[in-house]
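Engineer: One structure is given below, represented as structure tokens, and several questions about it will come after.
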Amino acid sequence: MPFRRVRDPDRLQALIEAILLVEQDLELPEVLRNFVQRAVDLVGARYGALGLLDPGRTGLAEFVSVGMDAEVISVIGRLPEEKGILGLLIEDPRPIRLADVSEHEASVGFPPGHPLMRSFLGMPIVVRGETFGNLYLCDKEGGEEFTEVDEDMVSALALAAGLAIDKARLHGRMRELTLSEERERIARNLHDTVIQRLFAVGLALQSATRLLGRPEAQDRLQSSIDDLDETIRQIRTTIFAISRPRRVSDGGLRSEILDLTDEAAGRLGLDVHVDFDGTIDSSVNVETAEHLLVTLREAISNVVRHARASTVEVDVKVDDDSLVLRVIDDGVGIDPAVAVSGGRGLANLAERAKLLGGSFGVGRGPQGGTELTWRVKLLR
Ligand SMILES: Nc1ncnc2c1ncn2[C@@H]1O[C@H](COP(=O)(O)OP(=O)(O)OP(=O)(O)O)[C@@H](O)[C@H]1O
Ligand SMILES: [Mg+2]
């Protein structure tokens, strides 16, 4: 262990306390901030920062700093550029300790407005051989250089920081999972109990109308029953909309699409026709497939909620370099003004298409009704 060389009991104690941060259950931003602060305190640096790498490990996705004024940060920007020494640490994750950062051959100088810094200690954060990011410390107090012992301490701290980051990320993922299970549970509950009950109430009311003598009373009750039917229909659509977007299983995209349209037909009483063209299963990667399923679910929800349609046609087509989904209904048609200013649904589909290098459009279908076209690029 590198920190065997740390002799000063006070510093050793401070180091151990800092390492014990791993124990706490904190959210990622707090984890980062705490570790930077401890690192700065441990080695007596004026400035400290922690940068987390993006998934491709070519740049920084997250950057937390201490010691810098908020005003200065607002001038120089929150994320530093991946050039110079910071870039070097990303490319070649090994500790760097310098008396004067500007004298290193990789140095590119500081951007305008950035405080000048001299002594520097950079330490990669590595977990199970994978580099997560780096700890940076600048300007040791008293104008001194960082020492070998400082480096040892920070390297031990970086180890702990890596574990804490790993843990915080894992917690985040688990929370997401629980959330989607929770949604599924609510959907099932709505379907199995709420809908069944409302249905029973509707039937009971229906038979009660006959017992009422006055026609006005019968009319009023009938209109309440109609409201109830409409409520049931809306709840069914909600169930359909919040059901978990499935993971694309081994069965492949084609069978997922058919499952989804069967569900729509069964639960929502739509007459759905599906048409495939091209090699759907082998050409579409999992990420794109999941975007497509979410898109189809929203399109069908919209048909049920807004179109008053009786049939829907779903076309999925794969050609050389693109995937096209068309959803055509025979309903009342869409008001083009509403389509742009409407809810989150269509905007979300447009964003997904853009993310995948494609396009999105919605308008009047060939026989009235609405035609939605969602086209994305296929990566090979
Ligand atoms: N198939 C359709 N037929 C008729 N009108 C539609 C159709 N799809 C969408 N619309 C209209 O476009 C509007 C915007 O749709 P969008 O999906 O963005 O929002 P939303 O469904 O109202 O709400 P949400 O945010 O829950 O999706 C809808 O409010 C509706 O008026
Ligand atoms: Mg919608």
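Engineer: Would you kindly calculate the translational diffusion coefficient of the chain, applying Stokes-Einstein with the Kirkwood radius from alpha carbon pairs, for 37 °C and a viscosity of 0.692 mPa s, and quote it in µm² s⁻¹ without decimals? Don't jump to the answer; show the numbers that get you there.
Structural biologist: Values: Rh = 25.7 Å.
After rounding, the answer is 128 µm²/s.
Engineer: Cα centroid distance between region 54-91 and region 323-362, in Å?
Structural biologist: 37 Å
Engineer: Still on this model: Below 8 Å, C-alpha to C-alpha, sequence gap of six or more: please give me the relative contact order for the chain in percent. Could the numbers behind the result be given before it?
Structural biologist: Numbers: 581 pairs, mean separation 42.1, N = 380.
Rounded, it is 11 percent for the chain.
Engineer: Which aspartates and glutamates, if any, have their Cα less than 20 Å from the Cα of Lys167, not counting same-chain residues under 8 positions apart?
Structural biologist: Partners found: Glu17, Glu23, Asp25, Glu27, Glu30, Asp54, Glu62, Glu130, Glu176.
Engineer: Mind ordering 24-35, 157-168 by average Cβ neighbours within 10 Å, highest first?
Structural biologist: Details: 24-35: 16.8, 157-168: 21.2.
Result, highest mean Cβ count within 10 Å first: 157-168, 24-35.
Engineer: I've got another one for you. Counting other Cβ atoms within 10 Å, keep those with at most 11, restrict to DSSP loop, and tell me which GluC sites (Glu not before Pro) in region 104-182 are left.
Structural biologist: Loop-located and lightly packed - Glu105.
Engineer: Here is a further query. Roughly how far apart, in whole Å, are the Cα centres of region 136-205 and region 16-46?
Structural biologist: First find each Cα centre; the distance between them is then 18 Å.
Engineer: Can you work out the FRET efficiency for the pair Asp271 and Ser223, with r the C-beta to C-beta distance and R0 = 30 Å, to the nearest 0.05? Can you show the working numbers first?
Structural biologist: On the way: r = 28 Å, r/R0 = 0.92.
According to the calculation, E is roughly 0.65.
Engineer: Out of region 40-147, which trypsin sites (Lys or Arg not before Pro) are coil in DSSP terms and have no more than 15 other C-beta atoms within 10 Å?
Structural biologist: Working: sites: Arg46, Arg57, Arg78, Lys83, Arg97, Arg118, Arg128, Lys140; in loops: Arg57, Arg78, Lys83, Arg118, Arg128.
Loop-located and lightly packed - Arg57, Arg78, Lys83, Arg128.
Engineer: Give the long-range amide H neighbours of Ser322: residues separated by 5 or more places, or on another chain, with amide H under 5 Å away, using H modelled in the peptide plane at 1.01 Å from N.
Structural biologist: Leu378
Engineer: Find, to one decimal place in angstroms, the Kirkwood hydrodynamic radius of region 129-230, where the mean of 1/r is taken over every pair of different Cα atoms and then inverted. Let's see the in-between values first.
Structural biologist: Values: mean 1/r = 0.0491 Å⁻¹.
Across region 129-230, the inverse of the average 1/r is 20.4 Å.
Engineer: Could you tell me the calculated FRET efficiency between Glu103 and Leu177, based on Cβ-Cβ distance and R0 = 35 angstrom, to the nearest 0.05? Mind dumping the intermediate values first?
Structural biologist: Working: r = 49 Å, r/R0 = 1.41.
E between Glu103 and Leu177, to the nearest 0.05, is 0.10.
Engineer: Still on this model: Using a Gaussian network model of the chain with C-alpha springs under 10 Å, which one of Arg214, Arg297, Arg169 is most mobile by mean-square fluctuation?
Structural biologist: Among Arg214, Arg297, Arg169, the largest mean-square fluctuation in the Gaussian network model of the chain belongs to Arg214.
Engineer: Can you list the lysines whose alpha carbon sits under 17 Å from that of Lys83, skipping same-chain ones fewer than 8 residues off?
Structural biologist: none
Engineer: Sticking with this structure for a sec: Setting aside same-chain residues fewer than 8 positions from Lys377, which lysines have a Cα under 25 Å from its Cα?
Structural biologist: Filter leaves Lys317, Lys354.
Throughout, read-outs are computed from the coordinates displayed, never taken from laboratory work. A quick note: this is a predicted structure, and the numbers were derived from the prediction, not measured. When we count neighbours, we look across all protein chains shown, and the Cβ atoms used for this are built from the backbone with ideal geometry, even at glycine.
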